[in-house]
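What follows is a single structure, written as structure tokens, with notes after it.
The values are calculated or read from the model by the stated rules, or taken from the named source; none is laboratory data. Since this is a predicted model, take the numbers as computed values, not measurements. Heads up, the Cβs are rebuilt from the backbone with ideal geometry, glycines too, and the neighbour counts pull from every protein chain shown. Keep in mind that these areas ignore ligands, DNA and RNA; they rest on the heavy atoms of the full protein, side chains included. Shrake-Rupley method; radii C 1.70, N 1.55, O 1.52, S 1.80 Å.
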Amino acid sequence: MEGTISRLYSPLFLSHSNLSLSEKLQSQSTSSPLMADAFSFRVRAINSSVIRDKVSISRPLKFVKRARQENSGVSRKKEGPQNPAKNKHKLNLEISPHRAVSAVRLMRIELGGAFADLLNEKGKGSGDNEMGYVERTLGFCTRDLDDRDLRLVTEVVGGAIRWRRFLDHLIVSLCHDEKTFRNMEPLLLQILRIGFYEIVKLDMPPYAVVDENVRLAKIALRPGAGNMVNGILRKLVLLKEKNSLPLPILEGDDRTRARALATLHSHPVWMVRRWIKYLGQEEAERLMMWNNSAPSFSLRANTGKGFTRADLVMRLNMLKVPHELSMHLDDFVRITTGMQIVIQAGLLKEGLCSVQDESAGMVVSVMDPQPGENIVDCCAAPGGKSLFMASRLSGRGMVSAVDVNEGRLRILKETAKLHEVEDVVTTIHADLRIFAEKNTVKFDKVLLDVPCSGLGVLSKRADLRWNRRLEDMEELNNLQDELLDAALTLTKAGGILVYSTCSIDPEENEERVAAFLQRHPEFRIDPADRYVPPAFVTESGFYFSNPVKHSLDGSFAARLIRS
């Protein structure tokens, strides 16, 4: 996988509706020192409560100092003040840098609540110095990551998260004791996941993988941990060479088959059962295979700054980045590799283009913003759709971007200036429900891109599948209804209300619109076929992108007219 782009590097990457309710209401950045402290505290808590008799990875410095001197032969000077410039003596050149960084990133995602896509670019989402996190967690740092290391980290972290259920099934099978797996230290488990992924899915030279991960476990934990990694990984190598990996068998009743499919394709069981119910088993399997495939990305040329798609194509050609024109949107180009080259060339920093999926772009097409219109984006941050709409206004009209997250709104405002559309974008920090109660202005067009499950973007958000529960669906449905009822009060008579999600789930899409229309008969459906290609229009007149059918993120939009 080429890499999910950091939202901090390109704040326009993900639709706001990709986030859960708790994420959406959270103004604390995952890259802050507070989050780092919370991560460290949680690691300590897990180690003290679950594995009291084992070495804690979060009290590393004293222990690892002794362990490294005894086992690795790497000497270090006496510790001084915690100044990164003075900590070069903690450098360990024996450890593979991509594996050390991958292990720490996986820890931060699983235990510290960080988002996987925030950690995919050097120095972004990791503080000023990524090795600071490595050193605090492992007790040493490695050499800085080069471009090849970065690609490997992105591949290994994304793959280990995406295939976590499958990898854990293999690890449990080779441990021959589920209790051993359950009580395993968090860092040790991440090292095993890395090794299993590299051997099973990346086909890396197996004994090199074994040696490197054993060394990491020995130096970061202790010799016994390295011996355990050695024994388990060597068993895996032998089974893979004999083509006899312990895979689950698809047999038994529906529930048992769903569990087997969930393991084989590494998804939560509740998602698999839900998709089989709505799509059938064959289509559900195709969807899971799509979610596990390497994602492609789309770039939107920033025409609001006078930078056309032809200009973007010329720059990509100069950079030798393979690309193809979007078949659906005039401003978009799709790339499968080379995103790091685009970032390093400064195209995003200069505001010449944005990372935005075509499925999100077509939601803006459903909105059909026109110069002179007064538009409100009700759940706007991080602002991809707001800025795309602003670029369509040609300097005439207004986009009011409302969001509860003040920090993400600040990024939106800064990016609007970078894209030279700040004259038509106004940011408003507010809960939509409160804003709608107090606001007296009616808008020509209202975009409500609601918080949702994000089940349409699992190919890009590898961690999202493990952060969703079946119980979340009812909570989200209730929130979506509340936000719809608030958004309608902002829509003038004859105005347009567009309800959108990045979900493929009928309960969040068609069923929410049907319930809304039943509560508010003054609204009617305006068929989307005038705004997007017919292949994306459902029988009911809604816009819907199907990941398997259209090779895009899954998204939905209903265009409603107020009579």
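Ranked from the most accessible area to the least, with a 1.4 Å probe and all protein chains present, what is the order of T180, T501?
T180, T501
When Rg and the Kirkwood radius Rh are both evaluated on Cα atoms of segment 296-355, their ratio Rg/Rh stands at 0.91. Across all Cα pairs in segment 479-524, the calculated P(r) in 5 Å bins from zero up to the longest distance comes to 5, 20, 35, 25, 11, 4, 0 percent per bin. For segment 296-355, the Cβ-based charge dipole about the Cα centre amounts to some 120 debye (Lys, Arg positive; Asp, Glu negative; other atoms uncharged). The largest accessible area among C175, C353 belongs to the first residue in C175, C353, and the rest follow in falling order (1.4 Å probe, all chains). Note on K349: aspartates and glutamates with a C-alpha under 12 Å away, same-chain residues under 8 apart excluded, are E414.
Near A390: Cβ cut-off under 10 Å, other residues only, Lys/Arg at +1 and Asp/Glu at -1. The net charge is -2. Gyration tensor analysis over the Cα atoms of segment 432-563 returns equivalent ellipsoid semi-axes of 25, 19, 12 Å (largest first, whole Å). Pairs spanning more than 20 Å between alpha-carbon atoms, out of K201/K240; K413/K442; K179/K218; K201/K235; K385/K413: K413/K442; K179/K218. Taking amide H as placed 1.01 Å from N in the peptide plane, the amide H of I428 sits under 5 Å from that of A401, V402, D403, each at least 5 places away or on another chain.
Largest accessible area first, the listed residues Y278, Y197, Y207 line up as Y207, Y278, Y197 when surface is computed with a 1.4 Å probe on the assembled protein chains.
Between the C-alpha center of segment 482-524 and that of segment 362-431 there is a gap of 20 Å. Tally Lys/Arg at +1 and Asp/Glu at -1 over every other residue whose Cβ is under 10 Å from the Cβ of T501; what's the total? Around T501, the charge tally is -2. Pairs from the table (K417/K438; K445/K492; K438/K492) lying more than 19 angstrom apart at Cα are K417/K438.
Put a dot 7 Å past the Cα of R530, heading toward its Cβ, do the same for R255, and the two dots end up 5.1 nm apart.
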